[in-house]
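Rule-based calculations on the coordinates, nothing more; no lab input. Since this is a predicted model, take the numbers as computed values, not measurements. Ideal geometry is used to build each Cβ from the backbone, glycine not excepted, and the neighbour counts take in all protein chains shown.
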Amino acid sequence: MSDATSSKFRNCYQQARQCVTSNQSIRQLLNVLSIYGCPFDFDRHLTCETTDRNLRGGFHQSLCQIVLYPENIQSTGELCTIFEHELIHALDYCRAKIDFANPYHLACTEIRAASLTDQCSLLQHLSTSSRPFIIKNQHESCVKNRAQQSMELCTDLPRKQVDQIINDVFLRCYNDTEPFDRIRRRQ
Ligand SMILES: [Zn+2]
């Protein structure tokens, strides 16, 4: 392990804790997890690991654990976004007992995780008040692309079937913004 990689490891846990201070959405997610009876314990429910694959994070259903892969994460801001993404999976598992082996459940939680984090919000920079409808469509297609990429990483389903499943559940899951009042792009 190179020096840079080992320091990323040491910092990973600390950075994740810092996200709680810097990121209001993460505080809200942790709060709602507690309300649902799944309080998040950093020592028990977070691990930082190495990977041979191009992964930045994951949620381990049977261990109830969020995994971060710091070697593939470039900044604290990016780490907070990935942490938040995985917390949305943790919340969906806690509140709805979703089954990550069920591709419809997986598609739904990936849509929510992409849409409710700022993963698609760079498009905000392109936003002008005269073009809200175009931006809305761009946000939706960004969310679909992200969900598709995530599903291709964790299933063996053919692309066409992944697209079909995402389209089948998209509206219902995209409009389910719990625990937030709305999607961040509209804030
Ligand atoms: Zn995901």
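Data for the structure
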{"item": "Top positive-direction residue, dipole computed over the chain with Cβ charges, set 175, 54, 6", "result": "175"}
{"item": "For the range 1-97, the fraction of alpha-carbon pairs in successive 5 Å shells from zero, as %", "result": "3, 14, 26, 26, 17, 9, 4, 1, 0"}
{"item": "Acute angle (nearest 10 degrees) that the helix 3-22 long axis makes with the longest principal axis of the chain, alpha-carbon atoms", "result": "60"}
{"item": "Other-chain or far-sequence residues with amide H under 5 Å of residue 57's (modelled H)", "result": "69"}
{"item": "Student exercise, the chain dipole from Lys, Arg, Asp, Glu Cβ charges, in Debye to nearest 20", "result": "580"}
{"item": "For residue 98, distant residues with modelled amide H under 5 Å away", "result": "93"}
{"item": "Computed magnitude of the charge dipole of the range 1-97 (debye, nearest 20; Cβ of K, R +1, Cβ of D, E -1)", "result": "220"}
{"item": "Ranked packing of 172-180, 140-148, most packed first, by mean Cβ within 10 Å", "result": "140-148, 172-180"}
{"item": "Cut-off under 5 Å, modelled amide H: who pairs with residue 48 long-range", "result": "68"}
{"item": "Candidates per trypsin sites (Lys or Arg not before Pro) in the range 37-117, loop by DSSP, up to 10 other Cβ within 10 Å", "result": "53, 97"}
{"item": "Per-pair calculated FRET efficiency, R0 = 22 Å: residue 141 and residue 47 via Cβ, rounded to 0.05", "result": "0.10"}
{"item": "Förster-model FRET efficiency, 45 Å R0, residue 27 and residue 160, C-beta, rounded to 0.05", "result": "0.70"}
{"item": "The chain: angle of helix 132-154 to the longest principal axis, Cα-based, in degrees nearest 10", "result": "50"}
{"item": "In degrees, nearest ten, helix 24-35 long axis to first principal axis of the chain (Cα)", "result": "80"}
{"item": "J(HN,Hα) series, the range 114-120, from Karplus relation 6.51 cos²θ - 1.76 cosθ + 1.60, nearest Hz, glycine and proline x", "result": "6, 7, 8, 8, 8, 4, 10"}
{"item": "For the chain: span of alpha carbons on each principal axis (Å, largest first)", "result": "46, 36, 36"}
